[in-house]
Structures are given as C-alpha cells and as structure tokens.
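The values are calculated or read from the model by the stated rules, or taken from the named source; none is laboratory data. Quick caveat: nothing in here was measured; it's all calculated off a predicted structure. Neighbour counts run over all protein chains shown; Cβ positions are idealised from the backbone, glycine included. The area values use the complete protein model at the heavy-atom level, side chains included, leaving out ligands, DNA and RNA. Shrake-Rupley method; radii C 1.70, N 1.55, O 1.52, S 1.80 Å.
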Amino acid sequence: MKAKADFLKRGIIGLFSYLVLLFTVCISIVPLLWIVISSFKSNKAILNKPFALPTGIDFHAYYSVFKMNNFLSNTVNSVVISVSSTLVALLFYALAAYSFAKFDFKGKHILFVLFSVTLLIPGHATAQPIFSLINETGLYDTRLALIVVYISAGLAVSLFILRATFLSIPRELDEAAYMESANFWQVFFYINLPLAKAGLSTAGILMFLGNWNEFFYGFMLTSSAQNRTLPVALQFFTEQFSYNYTQLFAALTLVTLPSIILYMVAQEQVQQSVVSGGVKG
Amino acid sequence: MFKYNKLWVYLFILPTLLVFLTFYLVPIITVFTTGFTEWNGFNAPKFTGFDNYKMIFTDDNSLTVSLINLFKWSMIATFIHVPFGALVAFIIYRRPFGWRFVRGVFMIPNVIAVSAWAIIYRFIFNDQMGLLNNFIRKLGFTNFHTNWFFDMKYAFSAISLTWVFYAVIVTLLVLSDLMAIPKELHEAAKIDGATEGQIHWRINLPLIRGSLGTSVILSIIARITMFEAIFLTTKGGPGNSTYNISVMLYDGIVNYQFGYANAVATIMIILGIGVLAITTKVFRMNKSVYN
C-alpha cells in the first residue's frame, strides 16, 4: 500500500515538475518565435490569423526595414558604440584590476571600497548630472556621448570579475619575467593579459550585452534619427509605423537576434557572469 | 620581491579613477546637494531647503503613488518572482531530462533588450492581433476583449506579467548555492530517516538563504529602476496606475526641473540602500552558512 502511494506521489511531483519546466520554456521562446514567424507574414495574416504559419519565406520586410528610416545607420551606431565602449572599458578596468590584485599602494583599500560602492547606486539616479555634463561638453547627440557613458556603466562588476582573474594568476610568473628584465607594462601586457582571457571575455560579454541593449541614455542623449541606437530607433519605429506589423516584427527580430546569437555562442560565460556579477535584471 | 616604479601602479588606476570621479562621485554629490535647490539647468541653483521634498511628498501625489506601486511590485517580486525562480532551480537541481535546455532557454529573455521585450509585450497584449487575447478566445471565451495596457483595471497586472515569471537570475543564483551543498549532508539526513520534503525544508532552504536574499535585493532594486517596461507600454498610465519612481525622475529631467529630479534621485538611492540593509538582516546574509 505504502509503495503504491509513494509511486503515485512521485508521479505527481514528476508531472508537476515537467509542467513548470514546460511553462518556463513556453514563456521564454514563444514570444520570440511569434515575432520571427510573423515577420514573414502579411499584415492581414498577422491581424486575422495570429497563430498561423507564414505561407512562404519572404525577406521583403527585412529589406524594406533596412532601406528606410536610417535603420542601417542605427545598426552601425549600435555596433560602433557597443564595441568601442566595451573595448575601452575592458582596458581601463583591466589596468585597475591588475593593480588592485597584485600590488599594495597607498589608498588601495579606500579606493576599492569607493569603486565597489558604485554598485549600490540604482542605474538612473545620476541621470541629471550626466545629462547636463553631456550637454555642456557639446557631446549631446553624438556617438561619443554614449560611448563615454557606457564605459562608466560596467565599472564595479568588471573590476570584481577582472580582479579575481588576476588574483588567480601566479606571482611566480611575474617574478620570473622581472628577472628577465621585463618592465612593468610588459609583465602586464605579455604575461598577465593573455592569461586573463577567461575573465576578460566574461566581463566583455556582460558589458557588450548591457551596451547593445541600453535604452535610457540612448533615448535621453540623442535627438536626430541617424544618431540613434537600435533600441531607441525601434521605439520611434513602433510609434510611427504602428500599422505595418510585418516590418515592425522584422525590426524587432533584427534588434534581438544579435544578443541571442552572442548568448548562444557564449552560454557558459553569460551564465557565469550572472552568478559572479549578480547584477543584470 | 621585485622592484618596480610605484608610479606605474597609480598610472594603471588613473583611467578608472577619472571615470569614477566624472560619472559617479561628482554626479552623486550634485544629486544630493541640488535636491535642495530650485534649478532648471540654465540659471544657478537657488537653495530652497526641503521644498522639493515637501512638494513630492505633499503637493502632488506622484511620489505616494510611485511608492505604493513600488511596494506592490516588491511584494510580487518577493513572494512570486523569487519563489518561482527558486522552484525552477529545485526542479533543475534534480537534473530531469532536458534540464540544460530549460536553463539555457530561460536565459534568453534576459539577454535581449528590455526595450524590445516591452515592445514585444505590447503586441502580445494587443487585443486584436495579440497572442494572449486570441489564446483566451480560442479557449472558448469568444467575446473576451481587453486592452491590457490601457485599462485602469489591468494595466498594473499587465506590467507585472512582463517580468514576474522571468526569474532566470534567481534560478541561476539558487542553483549555484544548491550545487554547493555537500552530498554527505543529504545522505546523513536520509540515514536518519528524513523524507525528501524534510530535506528540502530543513536542510536545503536554510542553506540557500544567501542566494534568496541576493535575489530579493536584486529583484526589488530592479523594480526601483524599472523604466523601459513602463515607459514603452503605459507611460505610467492610465491615470497614474503604473507610475513609478524612475519615470518620475525621467519626467523631472526632460521638464528641466533638475532640483526636483535630484530630490527624486536621492530618494531612489536611499531606497536602494534601505532594501539592501533590510534584506541582509532578514535573510541573515552576513552570517556564514556552514558552521
């Protein structure tokens, strides 16, 4: 009797577990699949048969999205801004993290505490001073404005990830290099940096995704259509062409796809960075 | 120890220090001080004491509404969002068939732009073409019509639905804590005759309180800073039923009421630190788990 009840209980728990997992998978991919599928359907089909599959694969909507509305320059902006701010930020924070990890110097502790505390400042709380700073320096509505703001965004998390990475690189390697009369920069650049690849890619991916997806500052610090980044362009696109669903869905697909591809390529790092950084979301 | 020029170390810190001063320290000081002034960005800030704070707390009801909404969303985050993420972690921990796939797919909504996600949800909740209403109508409620984001009754729930079940961060944090629990603990408990339910309640749950606390902090702070999900869907409406403190800050800045905006920002910072302090206490996160 007891064995039977036990069996039943296990069955129910198992069934419940799979229902939860099924629900999780559905809410995560159905919205995206729907967007992609709809981008190949006609406006009429989207409105009248939301669940139907497209009758054929037609990239026309994608073609027209790129042809109109500065979408191409928006894409270029997003790529240039996200890549350059990520690279500069990686260099800056790698330099600092290396010093924090391997050397003792005056003010080390207080500086590290100060840098860490930036993590506690909710994202947009400093928006007004940054908005004014960008205006006063004449950077408003330029790519450079977003690049400098995005460089600053990853400070604390990148510093944590990179410091831990440099701490794990044995000092004996540095000392051996100094024996061979390498200088400070050479020890950093030729010995430590190549060994810090894992941390650099984790921090880099995290910052790139943040920059690529950023909306608030992108929206606040640009005004002309050709200077917008993709997420911001998407918003204006939605407001203006709320009747052309096919193109809207094509645009949505184009904005979300790069993040998804990057994630699929670097799944482990992204998941790792979430656990170690514990930030985004 | 080898010899090196101390200057190098400071040179290496310098770029980060400059970023910190320009984008964190000076802005934070500006926020704290000009919150007590009337300032539109063109003339010099005029000291007005607590006028901005009096205004946001009494004259208009936007802060009260924002704080009530924040409280409701925080409750939803703490009692639905985090438990759901933890539930998924507990299921995945037993490594059922396809667990890697689930973990991988669950992450996808979190890696794409929040703004794109908000716009996608605008379409999902669209009455005519949207997935949700058409699905409900397919279930047999053929006359079901609701404009989720534009209906006073449903807008708040609609905004909540755009994030409440997307709890992959919670799942990953809890999962890494679960995996760190020594197997011997479970075996010892089983020998002592503990059931699986008891193992979960008495052993696992207390041991993962650190990640649960972190999850609560992160998800409440995400509610404080939630912007795109509101701005791109309801803009805080209808009425001010979905208004929040981030949208309030944004409105202050674009209306050039900088003093007012910075008073709001100050409250935002205090709220963030308050949440951190309270949650750390409640979950006893500063006490070590294994001893």
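As a summary of the residue check, residue B:104 satisfies the conditions (1) within 29 Å of the chain's Cα centre (by Cα); (2) facing chain A (nearest Cβ under 8 Å); (3) touching a residue at least 24 places away in the same chain (Cβ under 8 Å) except for the one numbered (3).
Candidates are the residues of the range A:222-271 that are among the aromatic types (Phe, Trp, Tyr) and open to solvent by less than 10 Å² (accessible area, probe 1.4 Å); the one that is nearest to the chain's Cα centre (by Cα) is A:263. Taking the residues in the range B:40-84 that are within 14 Å of chain A (Cβ to nearest Cβ) and at pLDDT below 90 as candidates, determine which candidate is most open to solvent (accessible area, probe 1.4 Å). Within the range B:40-84, the match that is most open to solvent (accessible area, probe 1.4 Å) is B:42. Taking every residue in the range A:212-231 that is closer than 21 Å to residue A:260 by Cβ and pairing it with any residue that is buried (at least 21 other Cβ atoms within 10 Å of the Cβ) and of a type in the set (Gly, Ala, Ser), at least 6 positions away or on another chain, the pairs with Cβ-Cβ distances below 6 Å are A:212/A:82; A:213/B:113; A:215/B:115; A:229/A:78; A:229/A:218; A:230/A:78; A:231/B:113; A:231/B:115. Of all residues in the range A:73-104, exactly one satisfies the criterion of being part of a loop (DSSP other than H, G, I, E, B) and surrounded by 14 or more Cβ atoms within 10 Å (Cβ to Cβ), namely A:103. Restricting attention to the range A:37-50, the residues that are within 17 Å of residue B:125 (Cα to Cα), open to solvent by 50 Å² or more (accessible area, probe 1.4 Å) and part of a helix (DSSP H, G or I) total 1.
Condition check ((1) within 7 Å of chain B (Cβ to nearest Cβ); (2) under 29 Å from residue A:79 (Cβ atoms)) across all residues:
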{"residue": "A:123", "(1), (2)": "yes, yes"}
{"residue": "A:127", "(1), (2)": "yes, yes"}
{"residue": "A:144", "(1), (2)": "no, yes"}
{"residue": "A:154", "(1), (2)": "no, yes"}
{"residue": "A:157", "(1), (2)": "no, yes"}
{"residue": "A:165", "(1), (2)": "no, yes"}
{"residue": "A:184", "(1), (2)": "yes, no"}
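Is it the case that the range A:186-201 has a residue that's crowded, with 23+ Cβ neighbours inside 10 Å, within 11 Å of another protein chain (Cβ to nearest Cβ) and over 30 Å from residue A:131 (Cβ atoms)? Yes, there is a match, as at least one residue in the range A:186-201 is crowded, with 23+ Cβ neighbours inside 10 Å, within 11 Å of another protein chain (Cβ to nearest Cβ) and over 30 Å from residue A:131 (Cβ atoms). Annotation: residue B:52 fulfils all but one of (1) within 30 Å of residue B:208 (Cβ to Cβ); (2) in contact with a strand residue (DSSP E or B) (Cβ under 9 Å, 6 or more places away or on another chain); the unmet one is (1). Taking (1) farther than 18 Å from residue B:238 by Cβ; (2) surrounded by fewer than 21 Cβ atoms within 10 Å (Cβ to Cβ); (3) among the hydroxyl-bearing types (Ser, Thr, Tyr) in turn, residue B:115 satisfies each apart from (2).
Look at the range B:4-16 and say how many of its residues are among the aliphatic types (A, V, I, L, M) and within 7 Å of another protein chain (Cβ to nearest Cβ). Total satisfying the criteria: 2.
Could you please find all residues in the range B:170-202 being within 14 Å of chain A (Cβ to nearest Cβ), aliphatic (A, V, I, L, M) and farther than 18 Å from residue A:10 by Cβ? Correct list: B:170, B:172, B:173, B:174, B:175, B:178, B:179, B:180. Identify, from the list A:53, A:72, A:90, the residue that is assigned by TED's automatic domain parsing to the domain that holds residue A:250 and without any contact (Cβ under 8 Å) to a residue 60 or more places away in the chain. Within the list A:53, A:72, A:90, the selection yields A:72. Screening B:139, B:87 for residues that are under 26 Å from the mean Cα position of the chain (by Cα) and surrounded by fewer than 20 Cβ atoms within 10 Å (Cβ to Cβ) leaves exactly one candidate, B:87. Of all the numbered requirements in (1) within 30 Å of residue B:12 (Cα to Cα); (2) at the interface with chain B (Cβ under 8 Å from one of its Cβ atoms); (3) hydrophobic (A, V, I, L, M, F, W, C); (4) open to solvent by 10 Å² or more (accessible area, probe 1.4 Å), residue A:34 misses one, and that requirement is (1). Scanning the range A:115-130 for residues that are open to solvent by 10 Å² or more (accessible area, probe 1.4 Å), within 15 Å of residue B:246 (Cα to Cα) and touching a residue at least 40 places away in the same chain (Cβ under 8 Å) yields a total of 2.
Table: residues versus (1) under 30 Å from residue A:37 (Cα atoms); (2) modelled with pLDDT of 90 or more; (3) open to solvent by 30 Å² or more (accessible area, probe 1.4 Å).
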residue	(1), (2), (3)
B:130	yes, no, no
B:133	yes, no, no
B:155	yes, yes, no
B:168	yes, yes, no
B:173	no, yes, no
B:195	no, no, yes
B:199	no, no, no
B:227	yes, yes, no
B:232	yes, yes, no
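When A:145, A:156 are screened for being closer than 28 Å to residue B:10 by Cβ, assigned by TED's automatic domain parsing to the domain that holds residue A:203 and not polar (S, T, N, Q), only A:156 passes.
Does residue B:92 qualify as being more than 7 Å from every other protein chain (Cβ to nearest Cβ) and surrounded by fewer than 23 Cβ atoms within 10 Å (Cβ to Cβ)? Criteria not met by residue B:92.
Against the conditions (1) among the β-branched types (Val, Ile, Thr); (2) open to solvent by less than 50 Å² (accessible area, probe 1.4 Å); (3) within 25 Å of residue A:74 (Cα to Cα), residue A:274 satisfies every one except (3). In summary, residue A:219 fulfils each of the numbered conditions (1) surrounded by 23 or more Cβ atoms within 10 Å (Cβ to Cβ); (2) modelled with pLDDT of 90 or more; (3) at the interface with chain B (Cβ under 9 Å from one of its Cβ atoms) with the single exception of condition (1).
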